[in-house]
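Peer 1: First the structure, which I've put down as structure tokens, then a few questions once you've had a look.
Read-outs throughout are calculated quantities, based only on the coordinates presented, and are distinct from any laboratory measurement. Since we're looking at a predicted model, the values are computed, not measured. Here Cβ is always computed from backbone atoms with ideal geometry, including for glycine, and neighbour counts include all displayed protein chains.
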């Protein structure tokens, strides 16, 4: 497996693209990563260290050499906590919330948690009662057009995020006929979680 293949596997694992991954690990530009993709550079010890600092579950040895498993745990997959609570109950400290179940779904490993989606705003993309798997990302790593769980001082919602201006996002429902757009000031956003996957209750 080439250096780029390993790096791309990590990027895909966390549900990001090259540009958002670069922002997540603190790079001002993604050019360094694109040079690896072109084969001009290998993954340096410094870059591997930066990646592992931000994503400690990734093996630095595997990043550098391809030996062993991508995950530090040796391939063991941590179970994903499932919360079945109102979206407004989510806050900065998830440890205080009651866990309904713990899900063992390897394809969605890397998710921070899962929750039962309420309502029809994102239907049919995310139906009422579907289980939504999310991974926390930095506000600056948001990719417009993707779906996120937004925790804010105003409300907590699952929406497509689109750009509006330097200070505001436009949050758009899939079911736009019945749900208006929401204009969200980025300063009011407390946390952002990218939707990595969706399962119906029947499938689990």
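Peer 1: Restricting to bridges with both residues inside the chain, how much of the DSSP beta-bridge set is antiparallel, in percent to the nearest 5? The partial results should precede the final answer.
Peer 2: Working: 33 of 35 bridges.
Percent antiparallel among DSSP bridges in the chain is about 95.
Peer 1: Expected output is a single nm value to one decimal: the length gained when fully extending between residue 41 and residue 120, i.e. 0.36 nm times separation in residues minus the C-alpha distance. What is it?
Peer 2: 23.8 nm
Peer 1: Using the 10 angstrom Cβ neighbour count as an exposure proxy, how do 122, 1 rank, fewest first? Provide the component values of the computation, followed by the final result.
Peer 2: Values: 122 24, 1 10.
Final ranking by Cβ density, sparse to dense: 1, 122.
Peer 1: Next question. Could you work out which residue, out of 111, 44, 59, moves most in a Gaussian network model of the chain, that is, has the largest mean-square fluctuation with Cα springs under 10 Å?
Peer 2: 44
Peer 1: Within region 175-194, list the residues whose amide N lies under 13 Å from a label point set 7 Å along Cα→Cβ of residue 139.
Peer 2: 184-193
Peer 1: On to the next question. Just want the ordering: 108, 94, from fewest to most Cβ atoms lying within 10 Å of their own Cβ.
Peer 2: Ascending Cβ contact count within 10 Å gives the list 94, 108.
Peer 1: Cut-off 10 angstrom, C-alpha nodes, Gaussian network model of the chain. Which of 131, 192, 72 fluctuates the most?
Peer 2: Sorting by GNM fluctuation, first place goes to 72.
Peer 1: For helix 3-13, report the angle its Cα long axis makes with the longest principal axis of the Cα atoms of the chain; keep it between 0 and 90° and round to the nearest 10°.
Peer 2: So the inclination is approximately 20 degrees.
Peer 1: A further question follows. Measure nothing but the geometry: give the 0 to 90° angle between the long axis through the Cα atoms of 45-54 and the longest principal axis through the Cα atoms of the chain, rounded to 10°.
Peer 2: 20 degrees
Peer 1: Taking the simple approach of a point 7 Å from Cα along Cα-to-Cβ for both residue 188 and residue 170, what is their distance in nm?
Peer 2: The two pseudo-label positions are separated by 1.7 nm.
Peer 1: Between residue 88 and residue 34, how many nm apart are label points set 7 Å from Cα along the C-beta direction?
Peer 2: Label at residue 88, label at residue 34, 4.5 nm between them.
Peer 1: Oh, and also: Between residue 17 and residue 112, how many nm apart are label points set 7 Å from Cα along the C-beta direction?
Peer 2: In this crude label model, residue 17 to residue 112 measures out at 2.2 nm.
Peer 1: Rank these for me by crowding, 42, 153, 20, going from fewest to most other beta carbons within 10 Å.
Peer 2: 153, 42, 20
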